[in-house]
1. Taking the range 58-107 only, how many residues are of a type in the set (D, E, K, R), farther than 19 Å from Thr27 by Cβ and buried (at least 19 other Cβ atoms within 10 Å of the Cβ)?
2. Kindly indicate whether Gly46 is surrounded by 14 or more Cβ atoms within 10 Å (Cβ to Cβ), touching an Asp or Glu at 6+ places or on another chain (Cβ under 7 Å) and within 24 Å of Cys137 (Cα to Cα).
3. Among the residues of the range 1-19, how many are within 21 Å of the chain's Cα centre (by Cα), surrounded by 10 or more Cβ atoms within 10 Å (Cβ to Cβ) and assigned to a loop (DSSP other than H, G, I, E, B)?
4. Can you tell me which residue in the range 152-185 is modelled with the lowest pLDDT, limited to those that are charged (D, E, K, R) and either touching a helix residue (DSSP H, G or I) at 6+ places or on another chain (Cβ under 6 Å) or not in a strand (DSSP E or B) (or both)?
5. Of these, Thr32, Thr27, which one is part of a loop (DSSP other than H, G, I, E, B), more than 17 Å from the chain's Cα centre (by Cα) and polar (S, T, N, Q)?
6. Do any residues in the range 195-215 that are modelled with pLDDT under 60 have Cβ atoms under 6 Å from those of residues that are not β-branched (Val, Ile, Thr), where the two are at least six apart or on different chains, and which pairs are they?
7. Which of the residues that make up the range 20-34 are under 21 Å from Ala83 (Cβ atoms) and surrounded by fewer than 18 Cβ atoms within 10 Å (Cβ to Cβ)?
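The values are calculated or read from the model by the stated rules, or taken from the named source; none is laboratory data. Given the structure is predicted, the values throughout are model-derived calculations rather than measurements. Cβ placement follows ideal geometry from the backbone for every residue including glycine, while neighbour counts extend to all protein chains displayed.
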Amino acid sequence: MRKLKKLPLEALAPFTLPTLPWDAPPTPIVWTELFGNDHPVEVEIGFGKGLFLTTEAARRPEVNFFGVEIVRKYQLYAATRLATRGLTNVRVACGDGRAILRDRVAPGSVRAVHVYFPDPWWKARHRKRRVFTPEFCLTVGRVLPPGGRLLIATDVELYFRVMTQIVRDTGPAFADLPPPPPTEARHDFDYLTNFERKFRKEGRPIYRAAYERTTAALPETPAPDPGLSGEFIEFRAAE
C-alpha cells in the first residue's frame, strides 16, 4: 500500500459516512444532507484503495460519489486520499456493500453503480460470498432510475460470464450498452483502479460491460444463481 501521510480521524470525518451503532436499525441515506447539495450521485461498491473515486471526483466535481468498502483500512486510506486533495464530493463507508445498497439507499436515487474488480471466488466454498449475485443485481436495479447505469469490470473471465448472465436473467430491466473502451494511460494514476493498472501492465485481458436501467419492471424474485451451478474448478488467486 502506498505510504500516505497519516491524518487524524477528525480530519477524515468529513469524507466518511458516520457508522451507525451496532444495535441501531438501518436508516436511509439522504444524499442532500450527506453532501449538502442536490448533485447526482454515483456509487462504487468495493472501492479498494479509492483510485476510481479520487480520479473521478477530481474530473467531475459536479457529481457526488459514494463508495462502500468492507475493509476498514482501505476506507481510511481512501479517505486520506480524498482529504489530502480536498475532494469534498466523495463520501466513503465501511461495511457490506450489498447490505448498505439494499437497506440504506433509496429507490431510484443514484445515477450509476460501479462494480470494478470484485473479489472472485477462488474456492468452491467461497462462492456464496460473492458480491455480484442475482439478489445484488435486483438491488442495483431498484436504486437506479430509468436511464441509470451499471458498469462492471473484472480480469476473471469466469466471473465476468457469471455477472453478465445474472444481468441478462433480470430480463428487459437492463439494456446492453457498449462498454467504455480502455484508454491509453497518460500517467501512473490514469487507470480505472489499482487492479486495472496492475493487470494491464502485466498484459492481462480486462472484461468490461455496461448496462442502462430501462422502464421495465424488475422480477419479483431473483433468478437462480449461475455462480452456484455447474461444475467448479478451484484455481489459485493471482499474485
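1. Counting residues in the range 58-107 that are of a type in the set (D, E, K, R), farther than 19 Å from Thr27 by Cβ and buried (at least 19 other Cβ atoms within 10 Å of the Cβ) gives 2.
2. yes
3. Result for the range 1-19: 2.
4. Glu184
5. Result of the check over Thr32, Thr27: Thr27.
6. Cβ pairs passing all conditions: Phe195/Phe117; Arg197/Tyr191; Phe199/Asp155.
7. Answer for the range 20-34, where residues must be under 21 Å from Ala83 (Cβ atoms) and surrounded by fewer than 18 Cβ atoms within 10 Å (Cβ to Cβ): Glu33, Leu34.
Yes/no matrix, rows are residues, columns are (1) under 25 Å from Phe132 (Cβ atoms); (2) of a type in the set (Lys, Arg):
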site	(1), (2)
Ile29	yes, no
Lys73	yes, yes
Tyr77	yes, no
Thr84	no, no
Thr88	no, no
